[in-house]
Amino acid sequence: MTTPSIVATPLVVALLAAAALAGVASAEKGGFLVTGDVYCDPCRAGFWTNVSTNIPGATVEVECRPYGGGPETLKAEATTNAFGWYQLEIDQDHQEEICEVVLAKSSDPACSEIEKFRDRSRVPLTRNNGIKQQGVRKANSIAFFRKEPLKDCGTILQQYDLKDAPETP
């Protein structure tokens with residue numbers, strides 16, 4: 001008997017590869033394909049645990065602004081698919097700017113809290129940085145938090161060797 005995650009993992013990988021290839025044509029023309037995933041952190045651990053799940057229907061935004069501050073030069077929105085993954089095509093280079101994928105809205109009311117400074121992932125949207133990825137940019141996973149952690153979180157987190165880790169902010 002196979003577990004759903006063993007069956008679903010190759011399917012997710014295949015779908016992501018197909019989605020990335022579909023966006024590569026746009027990325028090769030000078031633009032970028034930003035992709036990543038959004039998950040629920042039910043233990044408020046700050047990292048993926050064995051009880052974390054991806055969130056389908058979550059909304060993220062890509063925001064770019066000048067390094068020295070100032071108004072946003074780009075704001076684009078994407079929604080995660082059934083597997084909690086998003087992709088967004090950006091059609092221009094943002095070499096002199098800071099660009100980040102930012103959480104906007106969760107589709108899961110039980111897991112919708114946004115924690116400042118943990119709600120974003122920086123992505124380089126320039127070709128002048130030594131990255132040779134055909135314009136595809138994978139953002140780090142970002143998470144919404146449950147307002148109240150699961151009751152089993154203490155036991156779950158004891159499975160991870162966190163004794164040398166700094167306290168969670």
So which of ALA104, ALA110 is outside any loop (DSSP other than H, G, I, E, B), over 14 Å from ALA45 (Cα atoms) and either at pLDDT 95 or above or more than 20 Å from the chain's Cα centre (by Cα) (or both)?
ALA104
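Condition check ((1) in contact (Cβ under 8 Å) with a residue 24 or more places away in the chain; (2) within 12 Å of ILE142 (Cα to Cα); (3) not β-branched (Val, Ile, Thr)) across all residues:
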residue: GLY36; (1), (2), (3): yes, yes, yes
residue: TYR39; (1), (2), (3): yes, yes, yes
residue: ILE55; (1), (2), (3): yes, yes, no
residue: VAL62; (1), (2), (3): yes, no, no
residue: GLU72; (1), (2), (3): no, no, yes
residue: GLU89; (1), (2), (3): yes, no, yes
residue: GLN95; (1), (2), (3): yes, no, yes
residue: ILE98; (1), (2), (3): yes, no, no
residue: ALA110; (1), (2), (3): yes, no, yes
When ALA76 is run through (1) outside any strand (DSSP E or B); (2) more than 14 Å from the chain's Cα centre (by Cα), the failure sits at (1)
Quick check: is even one residue across the range 56-65 on the phi < 0 side of the Ramachandran plot, more than 14 Å from the chain's Cα centre (by Cα) and exposed (fewer than 15 other Cβ atoms within 10 Å of the Cβ)?
no
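So, LEU74, is that one hydrophobic (A, V, I, L, M, F, W, C), more than 18 Å from PHE145 (Cα to Cα), surrounded by fewer than 17 Cβ atoms within 10 Å (Cβ to Cβ) and out of contact with any Pro (no Cβ under 8 Å at 6 or more places or on another chain) or not?
The answer is yes for LEU74.
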Residue in the range 28-37 that is assigned to a helix (DSSP H, G or I) and either closer than 19 Å to VAL123 by Cβ or modelled with pLDDT of 50 or more (or both) present:
yes
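Okay, residues lined up against (1) among the aromatic types (Phe, Trp, Tyr); (2) touching a Leu at 6+ places or on another chain (Cβ under 9 Å); (3) over 17 Å from VAL38 (Cα atoms):
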{"position": "LYS116", "(1), (2), (3)": "no, no, no"}
{"position": "ARG122", "(1), (2), (3)": "no, no, no"}
{"position": "THR126", "(1), (2), (3)": "no, no, yes"}
{"position": "VAL136", "(1), (2), (3)": "no, yes, yes"}
{"position": "ALA139", "(1), (2), (3)": "no, no, no"}
{"position": "LEU150", "(1), (2), (3)": "no, no, yes"}
Within the set of pairs 6+ apart or on separate chains, which have a first residue in the range 136-155 that is closer than 13 Å to VAL123 by Cβ and in contact (Cβ under 8 Å) with a residue 60 or more places away in the chain, a second that is basic (Lys, Arg) and in a loop (DSSP other than H, G, I, E, B), and C-beta atoms under 9 Å apart?
ILE142/ARG118
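The values are calculated or read from the model by the stated rules, or taken from the named source; none is laboratory data. All figures in this text were calculated on a predicted structure; none of them were measured in a lab. Reconstructed Cβ throughout: ideal geometry from the backbone, glycine too, with neighbour counts over all protein chains shown.
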